[in-house]
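Just below is one structure, and these are the notes that go with it.
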Amino acid sequence: MARKRNSERFAAPTPEDTSVAAATLPTQDLLSFVTPTEFVELPSQGRFYADDSSLAGMETVELRYMTAKEEDILTSESLLRQGVALDRMLQALLVDKTLKLDDFLIGDKNALIVAARISGFGAEYTTRIVCPDCGLTNEAEFDLDTLSLRHVTDIPEEIQETGDGTFMFDLPVTGVTVEVCLLTSGNEQRLVAAAARKKKLKLPDTNSTDLLKAVITSLNGVDERSMIDRFVDLMPAKDSRHLRHMYEYIKPDIDLSHEFSCAECAYNGKVVMPLTAEFFWPSA
């Protein structure tokens, strides 16, 4: 995963520097250092944002290293209850305060999350993996520095890029031309909030159709929201699966797959690294 440290402008002090500084500098100079930053490469490379977006064409974003202040944000009970602690922390780390986390594509936000974790707690991540073959829970160790970005480079001919951050393709059963957009962090938060409200009211789980309704922007050129919602509710399963497959194909992201060997059975293959509570609250 590409992460360029801004070491020339914001170099973190070495142990030797610290000991010398403590012996020779006045007390007020203890606070004269500047928190180091790094440039995090975005999986989208600044593509797929509308032309008027501040993120259009932006290939990297400067992110400040985590400090004790950001740890306070992550452990704030009120922010955790609201489900916004992580987003508040990431927003605080953005050096360019004109950038809003809600505007970032989900894959770009994921890259920021991993970079922030590495700067705050290191690249070693230990968590538990359930073997997909025998079901045994294994403790597994991952090196976050080895994760790679999934750029969208070669788009199949059947997918048309509009140039305004959306994509168009035909559904196999109905033949409808569907236009979809990539979800942003703000879209994701609204979906999570809606799911939480339905759970609280003990309403049926509609996460799958809610996601489709969120990504579809038009059908055969019709962008009426009530029509889109109704179509999704009646969409043939084959069309639904095709839409999801295409969406995953065009979505830039960080590749969280990792090699895994089960301690119990002979399974050896790739699994998706889970981002559990230990990701920002390591036990060690």
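Every read-out reported here was derived from the displayed coordinates using simple, explicitly stated rules and does not represent laboratory data. Since the structure is predicted, the reported quantities are computational estimates derived from the model, not experimental observations. Ideal geometry is used to build each Cβ from the backbone, glycine not excepted, and the neighbour counts take in all protein chains shown.
Between Thr35 and Asp210, the simple spin-label model (points 7 angstrom out along Cα→Cβ) gives 3.2 nm. Here the extension length gained between Ala195 and Glu161 equals 9.2 nm, from 0.36 nm per residue of separation less the Cα-Cα distance. Altogether, the Stokes-Einstein calculation at 37 °C and 0.692 mPa s, with the Kirkwood radius of segment 160-251 over Cα pairs as Rh, returns a diffusion coefficient of 238 µm²/s. Shown here: P(r) over Cα pairs in 10 Å bins from 0, in percent, derived from the displayed model; of the candidates [x] 6, 22, 29, 26, 12, 4, 2, 0; [y] 5, 19, 21, 19, 19, 12, 4, 1, 0; [z] 7, 26, 31, 16, 8, 4, 4, 3, 1, 0, it corresponds to [x].
The simple Förster model, with R0 at 25 Å and r as the Cβ-Cβ distance, assigns Arg128 and Ala68 a FRET efficiency of 0.35.
Name the trypsin sites (Lys or Arg not before Pro) in segment 93-165 that are in a loop by DSSP and that have at most 12 other C-beta atoms within 10 Å, would you?
Working: sites: Lys97, Lys100, Lys109, Arg117, Arg128, Arg150; in loops: Lys97, Lys100.
Within segment 93-165, the qualifying trypsin sites (Lys or Arg not before Pro) (loop, at most 12 other Cβ atoms within 10 Å) are Lys97.
Fully extending the segment from His245 to Asp51 would add 67.2 nm, taking 0.36 nm per residue of separation and subtracting the current Cα-Cα distance. Calculated FRET efficiency, Ala263 and Arg88, Cβ-Cβ r, R0 41 Å, to nearest 0.05? E(calc), rounded to 0.05, equals 0.60.
Shown is the FRET efficiency for Arg150 and Asp170, computed with R0 = 30 Å from the Cβ-Cβ distance and rounded to the nearest 0.05: 0.80. Residue ranges 75-88, 206-219 sort as 206-219, 75-88 when ordered by packing (mean number of other C-beta atoms within 10 Å per residue, highest first).
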